[in-house]
Amino acid sequence: MRSLIVLIIIIVFSSCEDAVVVKPNAALRLEYPAATYRDIGIPCPYSFEMNKEASLVLKNNCWLNLEYPGMNATIYLSYREVKNNNLDSLLYDAQKLTYDHTIKAVDIPEKLFVNPDNGVYGMLYSINGDAATQAQFYATDSLKHFVTGSLYFKTKPNFDSIYPAAVYLRNDIRHLMETLSWSE
């Protein structure tokens with residue numbers, strides 16, 4: 001009887017040998033189309049080129065939404081006129097709005113933007129981490145015009161998941177700032 005039990009155990013363990021298959025690590029691969037740009041063509045005191053993947057929604061007072069339905073994201077732009085020495089308060093508000101996200105942000109690198117040919121000066125903030133926004137910026141001519149912008153995704157912030165889209169849209173914001181011009 002003992003030998004029968006030993007034989008059954010040997011058969012069971014020797015017959016359960018499956019070939020080991022090594023599975024590759026899974027990686028999410030998100031690909032976005034190469035950005036192509038067009039002029040926004042609106043009757044406002046500023047103009048820039050926007051990605052053709054975005055749709056433009058014109059609000060009151062030349063405030064704009066650039067909506068990216070494929071990424072579930074929107075870049076919100078607001079325009080203010082510089083008057084009565086309010087440039088300091090406009091700059092303070094734009095910077096405060098950015099740094100209100102330090103609670104959830106891991107890092108907020110700043111990139112200074114200067115384009116003296118078009119009279120555009122500003123700052124682009126890349127907000128890294130699970131903050132509500134992934135990018136903020138402002139641009140001004142320091143005399144008449146002031147534009148601020150914010151990038152928001154219509155989803156719960158998870159930086160690892162939205163990182164590829166955030167990088168793509170930060171490049172669009174950079175292009176927006178590079179092509180921004182003021183009308184007199």
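The values are calculated or read from the model by the stated rules, or taken from the named source; none is laboratory data. Fair warning: this is a prediction, and the values are worked out from it, not measured in the lab. Neighbour counts are summed over all protein chains in view; Cβ atoms, including those assigned to glycine, are modelled from backbone coordinates with ideal geometry.
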Every residue in region 146-184 that is among the hydroxyl-bearing types (S, T, Y), closer than 22 Å to R38 by Cβ and outside any strand (DSSP E or B), please. Y168, T179, S183
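Criterion first (at pLDDT below 95, farther than 25 Å from A35 by Cβ and loosely packed, with under 15 Cβ neighbours inside 10 Å) does D100 satisfy it? Show your work before the answer.
Details: at pLDDT below 95: yes; farther than 25 Å from A35 by Cβ: yes; loosely packed, with under 15 Cβ neighbours inside 10 Å: yes.
Yes: the conditions hold for D100.
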Considering only region 42-70, state which residues are surrounded by 15 or more Cβ atoms within 10 Å (Cβ to Cβ) and assigned to a helix (DSSP H, G or I). C62
I75: touching a His at 6+ places or on another chain (Cβ under 6 Å) and closer than 23 Å to Y32 by Cβ, yes or no? no
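Would it be correct to say that A73 is free of Cβ contacts under 8 Å to residues at least 40 places away in the same chain and surrounded by 15 or more Cβ atoms within 10 Å (Cβ to Cβ)? Quick ask: steps written out before the conclusion?
Values: free of Cβ contacts under 8 Å to residues at least 40 places away in the same chain: no; surrounded by 15 or more Cβ atoms within 10 Å (Cβ to Cβ): yes.
For A73, the condition - free of Cβ contacts under 8 Å to residues at least 40 places away in the same chain and surrounded by 15 or more Cβ atoms within 10 Å (Cβ to Cβ) - is not met.
Taking region 149-177 on its own, how many of its residues are among the aliphatic types (A, V, I, L, M) and in contact with a Gly (Cβ under 7 Å, 6 or more places away or on another chain)? Write out each step before concluding.
Here is the first cut: in region 149-177, the residues among the aliphatic types (A, V, I, L, M) are 151, 162, 165-167, 169, 173, 176-177.
With in contact with a Gly (Cβ under 7 Å, 6 or more places away or on another chain) added as a condition, the list becomes 173, 177.
Qualifying residue count, region 149-177: 2.
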Residue among E178, E184 that alone is exposed (fewer than 15 other Cβ atoms within 10 Å of the Cβ) and either of a type in the set (S, T, Y) or farther than 25 Å from N85 by Cα (or both): E178
Region 140-161, residues that are farther than 14 Å from L77 by Cβ, out of contact with any helix residue (DSSP H, G or I) (no Cβ under 8 Å at 6 or more places or on another chain) and at pLDDT 90 or above: D141, L143, K144, K154
Kindly establish whether F137 is under 13 Å from Y46 (Cβ atoms), among the aromatic types (F, W, Y) and at pLDDT 95 or above. no
Failed criterion for Y79 (all others in (1) surrounded by fewer than 16 Cβ atoms within 10 Å (Cβ to Cβ); (2) within 22 Å of S181 (Cβ to Cβ) hold): (1)
